[in-house]
Structures are given as structure tokens and as C-alpha cells.
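Any read-out appearing in this document is the output of simple, stated calculations on the displayed coordinates, not a laboratory observation. Keep in mind that what you see is a predicted model, and the values were worked out from it rather than measured. Don't worry about glycine lacking a Cβ; one is built from the backbone with ideal geometry, like all the others, and counts go over all protein chains shown.
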Amino acid sequence: MKAVLKRIASMIPVLIGVMLLTFILLRIVPGDPVSILLGEHYSQETIDRLTRAMNLDKPLWEQFISYVLGVFRGNLGVSYTLKRPVTALILEAFPNTLKLALMGAAFAWIVGILAGIIAAVTQNKAPDHIFMGFSLAGVSVPIFMSALFLQYVFSYRLKLLPLTSDGSAVSLILPAVALGWNSAGSVARMTRSSLIDVMEADYIDTARAKGLLRTAVILKHALKNALLPVITMMALQLSSMMSGAVITESVFSVPGIGRLATQSIMNRDMPLLQGTILFTTVLVILGNLAADLLYSVVDPRIRNEG
Amino acid sequence: MGSGNILEIRDLHTSFFTDSGVVHAVNGVDLDVPKGKITGLVGESGCGKSITAKSVMGLVRYPGRIESGSIRLDGQELTGLKEKELRKLCGQEVSMIFQEPMTSLNPVLKVGRQVAEALRVHRGATSKAEEKQEVIRIFEKVGIPEPEQRFTAYPHELSGGLRQRVMIAMAMIMNPKLLIADEPTTALDVTVEAQILRLMKNLCGENGMSVLIITHNMGVVAEICDEVYVMYAGRIVEKAPVFSLFDETAHPYTKGLLASIPRISGNPEYLSTIPGVVPNMKYLPTGCAFHNRCPLASEKCVREVPEMVETGEGHFCRCHLAKAQTARG
């Protein structure tokens, strides 16, 4: 419990760092938010008034502090283009992204782990080569490619699933597969090599000497050990899932955080962009925390050190 | 058959087919374990002791396999058995404990469960409480203090000696006829070693169980063995009752082994060793595999593989000079 609190406390400097970085970055990129907001034909007076209203006339550090204070009060500012509070926009979009990420992760983990196990137990035989071929394709084909491919086959040709998503579960199947495909590949490779390693361990001999058959040895003794490193990797993949979601959501028009982020970049909508980046960071950190906790549940050796 | 042997190994050849050549790890081993006795198998690291044991349990890993020979457990041939049939015997008729108690237990499972599993595999599922009772009883028997608490412990929470006791409990719980112990005390310190050896000896006496103990430690041999096999480069080079082995050592290799035990009474400046190293099993020397390290080697030793000859009662030796030696001595 103490360890968990310590981990949560250590998130705060990371968050402030991220805020600082995005804040600075967005102020050094060219393009003045006021002129973006107003277009070209406005009087200097209007521009000045708006600059003042948006606090852009204050020194940078003052802007930053008021921003940080706002964040801790749950106020992420108002979107320039959508004219609505960023917090509300994010909370509206988040359930869709969450669904997409969870479905993608579920696909990646289930398919990846199963494929990895099959490949490991048929090491250097046909199923191994087939699954590892697929996983290599999974790892190396970029998301937008697999997304387009899936759209072509399952929506356009077979007409099984909708081409774009409105956030409903069925409409999220294709995006989730596109998103999870990549991770499934790396999970499969990791599971395979880890399981092959574990099968060399002494306690595997012990289990067999006890009279356990191969299947039981793998399921009861090898798998739990083999999945320890895979769990860490799966958590790290949450972050790549988040960046993958940006692309996937654009391709499938999923109304989620990723699409908010792309929109905000296109429109130089700084408050919205800052908000989405910050929110995503929090998600990734929480994902890693969850992985650590899960790890200590699975591995009794770590539980004791806490 | 019907002989007084629980285990009979005849002309066993186990080889590893690696990319860089065939390794003849076990090269025609004959070995008997008499019922109710403790038989020792000694030799340096890499001489094929462990592979002999693993051949019995069907634990030889790819690219290794049993090429030829016969392994009979209580009259039943084990080579050529289907995996499923062999596993049925393992844990029930014959069980094995390993050298490294640190790595031989699954780190993520409670030790009680791991021992109970040995029951469940062979007996099918019974109630958890019953299983636990039985495990706790065997824990007591092998001298694990506070067996109730230990039942739910993880391996890393136990000392090396306790882990080895857990391994023994696991091996003993089905009351096997034969226990194969592969260097069971090598990883333990000497006081714990003595306890574990005594425990094995007692269990053997109580249950009429036979033991094949693999070791490189002549002290262990002297302590508990009834009969001893000395192995060198995949072959048995000497077989003798334990006293005879120490008193009327026949093979030059065994003499070398015995001479390299440090003695308090001896010259403290000088520790006897056998010159050279165990030969590369891929390129075994011709003739007697020991000839290039043997102080007495003659030209015949380079040419011909010596046969086993009887040099005393129940005392056999694979050496061209064996007969002459005992006649002189």
C-alpha cells in the first residue's frame, strides 16, 4: 500500500514536467492563436482585447502558473475552435477511446498470447513459422496500412462491418483490430521467447518428474512464469496504443481523444491540444502503475519486497 | 527377471545430436540398484551421471535422446514407453530430486500446492483439506518445522535446506519404490548436508525404498551408500561395495578421486589432483577414455577399450591393469 502511494506521488513531477514541455512547445511553434481565432480582417483593437482576454499579454511564467493552477482545479481552458471547455470535450470523447483501447488491447493480448503459446510449443515447426510470420507482419505493418486493408476487406468488399465508427461496440471492432494488430505481434513474439526460456528451467523438470504431462506442465507451471515479462510489455504498449489511437481514430472517424488531438493540431487549438496531451500522459502513467500492481499480484517475490 | 534389483540399466546409450557433432553423454552404461539399498553414482562434472538419471525419468531434452539400451524399473521396460505411460510411473514408482533446490521449485506457486500436485496427478482430485492434511503429514516426516505455515509459503521464503526437504517431501509423497537424487546436497552447506543425508537414509530404511544417489562427493558416498558406481566419460569404470571401493580401490581414476580428498593429517601444502580435464565428449579418446590422464597408461590402453573384470567379491573394474594390480596388492 505504501509502495502504491509512493508511486502515485512520483507521478506529480512527471505531470508538471509534461505540462511545462507542452506549454513551451506550443508557444515556440509559429502561429499566433489570436490571429487563428479571428481570421484576417479584424481591427487592432479587437486583437488587443482578445489578447488580453486570453491572458496572452502576461509574461510566460504567469501564463504557465495560471494554467497549472487551472489544471489542478480541473479547468483545462476553452477550445479556440469548438468554443467549449476542454475538460468537457475530453470527457465526452474519452469513453470512445477507452472502449477502443480496451478492445484493441483485449484483441492484442488474447491473440498475441495464444499465438505465442502455440508457436512456442511447436517450436521450429510449421505452426511456429506461420504464427511468427503473421506476428512479423503485425509488428512491421503500420497501423494506417492495416486499417485501410481491414476497411477494404470487411467493409467495402464483405460489407460485414461499418466503415466508420460512431462509438458503438460493433463499429469499434475494425478499429480495435487495426489498433491491436501491432501489439498482438510483439506480444506473440515476447510470449514465445519467454515460454521457450521458461521451459528450460529446472522446475519444469521437477514438474515432469512429478508425473505431469506436457500440457499440464505448460499451463500450470510454465505459463505463469513466462507471462511475467509479457505483462510489463503489455503495459508499456498502452502508450503505443494511445498514439496508435490517434491514427486509428482518424482513419475510422472514431469520435475519441485521438481525433480531438489531430483536430487541435490542425487548427492550432492550443488549450485543446495541451489538454489531450496531458490527459493521455495521465492514462499512460496509470497504465504503468496498473502493470506494476498486476506484476506484484502474479509474482510473489515482488509482493514481499513492497 | 524377478531379480532383487529395482532398477536395471543395460548398455544405455544416450547421445546429444548437436549441430557441431554427436555427444555420447552416456556410452554403454550398465547399472543396478538393489531393492532397499542406497546405490551411489560418482564422477566428475560432465561425466554423464545426471544424463543417466534423466534417461530413467525421460527428462533428456532435445537434441538429446536415448539411442539404445534398456532401462527396467521393477521389471518393466521404460525405454520406448509412451510419454503418458512414463509420466504415470514418474512420481509414483520412481521420483527424483535435483541439485539446485533454489531453482527446482516453481517460484510463483506455493510449496504446499506443488507438493499436493504430486498427489493429485496420480490419485485424481480429492478434497483440498484432505490433500493439505497429507502434505502436512509428509512435511512433518521430512522434518519441516511449522508445516502448517510452510504449506502456504513460496519457495523464496524458505532456506535452501528447507527447499530440499520440500523436494524430498514431493518425491516421497506417493511412496515410490525408487528415489533418484541428483546431487541433492551439493548446493547446501555441510551441516544441512548431513541432515539431509540422514533424512534420506532414514526414509530409505523405514519405507524399504531404494535410492540412487548421484554425487561427486566421496564423503557423501562413504556416509550413506551401500554400493558405488564410478563413472568416467560416459562409462562405468568401477563398481564395488562401498568398503571395498575405499579399501581395495582398483581403477586409477577412482584412486585419483580418493587421493584428491583433502586430509587434515596430510601435507597441508599439497593437494593431490588428477592431471588434465574430463575429455570433450564429442571427441572421446580412443581405447580407455582415461588413458591421457592415467599415470599407469600403456600403449594397450590407447588402443583397446578395456572390459569390466571382477577384481574382488562384487568388485568390478574397467581397466587393463586391474587384475595385475589386485594380484600385487
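Quick notes on this one:
- Counts of other chain beta carbons within 10 angstrom of each beta carbon in peptide B:80-90 average 2.
- Taking Lys and Arg as +1 and Asp and Glu as -1, the other residues whose beta-carbon sits under 15 Å from that of A:Leu56 total 0.
- Annotation: the antiparallel percentage among DSSP beta bridges lying fully within chain B is about 65.
- Cβ-to-Cβ counts within 10 Å put B:Val277, B:Val135 in ascending order as B:Val277, B:Val135, the fewest first.
- A:Tyr152, A:Tyr295 arranged by Cβ crowding within 10 Å, fewest neighbours leading: A:Tyr152, A:Tyr295
- Among A:Lys224, B:Lys177, A:Lys125, the order by Cβ neighbours within 10 angstrom, fewest to most, reads A:Lys125, A:Lys224, B:Lys177.
- Summary of the geometry: the stretch A:98-148 and the stretch B:207-248, compared by the centres of their Cα atoms, lie 53 Å apart.
- With Cα atoms, 0 to 90° folded angle of helix A:257-266 axis to chain A main axis: 40 degrees
- GluC sites (Glu not before Pro) lying in DSSP loop within the stretch A:3-93, provided at most 12 other Cβ fall within 10 Å: A:Glu40
- For the stretch A:146-240, a Kirkwood radius taken over Cα pairs fed into Stokes-Einstein (4 °C, viscosity 1.567 mPa s) yields D = 81 µm²/s.
- Candidates per trypsin sites (Lys or Arg not before Pro) in the stretch B:46-93, loop by DSSP, up to 10 other Cβ within 10 Å: B:Lys82
- For A:Ile110 and A:Val14, the difference between the fully extended length at 0.36 nm per residue and the C-alpha to C-alpha distance is 31.4 nm.
- For B:Ile236, residues with placed amide H under 5 Å, excluding near neighbours: B:Asp30
- For chain B, the longest principal axis of the Cα atoms and the long axis of helix B:111-123 meet at an angle of about 90 degrees.
- Percent antiparallel among DSSP beta bridges (both partners in the protein assembly as shown, rounded to 5): 65 percent
- Acute angle (nearest 10 degrees) that the helix B:160-172 long axis makes with the longest principal axis of chain B, alpha-carbon atoms: 80 degrees
- Averaged over the residues of B:104-111, the number of partner chain Cβ atoms lying within 10 Å of the residue Cβ comes to 6.
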